[in-house]
1. Looking at segment 74-91, which of its residues are farther than 20 Å from THR22 by Cα and crowded, with 18+ Cβ neighbours inside 10 Å?
2. With the requirement that a residue be part of a loop (DSSP other than H, G, I, E, B) and at positive phi, what does segment 56-91 give you?
3. Can you go through ILE31, ILE57 and tell me which one is crowded, with 18+ Cβ neighbours inside 10 Å, out of contact with any Pro (no Cβ under 7 Å at 6 or more places or on another chain) and not hydroxyl-bearing (Ser, Thr, Tyr)?
4. Any chance segment 114-121 includes a residue that's assigned to a strand (DSSP E or B) and either open to solvent by less than 10 Å² (accessible area, probe 1.4 Å) or farther than 19 Å from LEU16 by Cα (or both)?
5. Only one of (1) among the small types (Gly, Ala, Ser); (2) within 16 Å of TYR26 (Cβ to Cβ); (3) assigned to a loop (DSSP other than H, G, I, E, B) fails for ALA50. Which number is that?
6. Would you check if ARG4 is at pLDDT below 95, assigned to a helix (DSSP H, G or I) and open to solvent by 80 Å² or more (accessible area, probe 1.4 Å)?
7. What do you reckon, is ARG94 part of a helix (DSSP H, G or I) and either crowded, with 17+ Cβ neighbours inside 10 Å or not aromatic (Phe, Trp, Tyr) (or both)?
8. Does VAL38 meet the test of being assigned to a helix (DSSP H, G or I) and crowded, with 20+ Cβ neighbours inside 10 Å?
Amino acid sequence: MKVRKVNQQMNGERVLRVDLHTHTHYSRDSIMSPRWFVETCRRKGINCVAVTDHNTIRGALAVRELADFRVIVGEEIQTAAGQVLGLFLEEEVRPGLSPEETIEMVRAMGGIVGVPHPYDRLGLALRHDGAGGSAARWRHHVDPRLLHHRDGARHRPRDGRAPRAARAARP
């Protein structure tokens, strides 16, 4: 959870410091308890966070109960063809569905859809041709603001494909 330092005041208005893709210990790739998660957000000055654990909203609900800042309930959902990010969810979306079914379920709850790792080398990227790493097929189904431009993991390529795909997805 890395956040750049910014001024808390900008033209007399409060600046929103947001992280839209985070995990708690409800995901296999995190050890942060909801309490530790909230304390870390406070310490870093994050005042809005989307908790997007893998295939569950339990961590998001737990963080929301503890936090004194905005918590967006989200989920990083494993579809039959890679991962989809759903935000503003009311209930869990079952993993293993097609991307289209997953997107439809997220939108039926009033949620927005993103692609968390568009060019992942480990095969997590949403794909349409079995080759992996192809976000272009889904660009009209997702909110371009939720197509990751940067990824903190070292196994992710940093060759500029994700920012280009996000720009191409803009309406």
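The values are calculated or read from the model by the stated rules, or taken from the named source; none is laboratory data. These numbers come from a predicted model, not from an experiment. Neighbour counts run over all protein chains shown; Cβ positions are idealised from the backbone, glycine included. These accessible areas exclude ligands, DNA and RNA; they are computed on the full protein's heavy atoms, side chains included. Shrake-Rupley method; radii C 1.70, N 1.55, O 1.52, S 1.80 Å.
1. ALA81
2. Matches in segment 56-91: PHE88 only.
3. Result of the check over ILE31, ILE57: ILE57.
4. So the first thing to find is which residues in segment 114-121 are assigned to a strand (DSSP E or B), and the list is 114-115.
Adding the requirement that they be either open to solvent by less than 10 Å² (accessible area, probe 1.4 Å) or farther than 19 Å from LEU16 by Cα (or both) leaves 114-115.
Yes, that holds for at least one residue.
5. Only one criterion is unmet by ALA50, namely (3).
6. Details: at pLDDT below 95: yes; assigned to a helix (DSSP H, G or I): no; open to solvent by 80 Å² or more (accessible area, probe 1.4 Å): yes.
For ARG4, the condition - at pLDDT below 95, assigned to a helix (DSSP H, G or I) and open to solvent by 80 Å² or more (accessible area, probe 1.4 Å) - is not met.
7. Taking the combined requirement at face value, the residue does not satisfy it.
8. Values: assigned to a helix (DSSP H, G or I): yes; crowded, with 20+ Cβ neighbours inside 10 Å: yes.
Spelling it out, VAL38 is indeed assigned to a helix (DSSP H, G or I) and crowded, with 20+ Cβ neighbours inside 10 Å.
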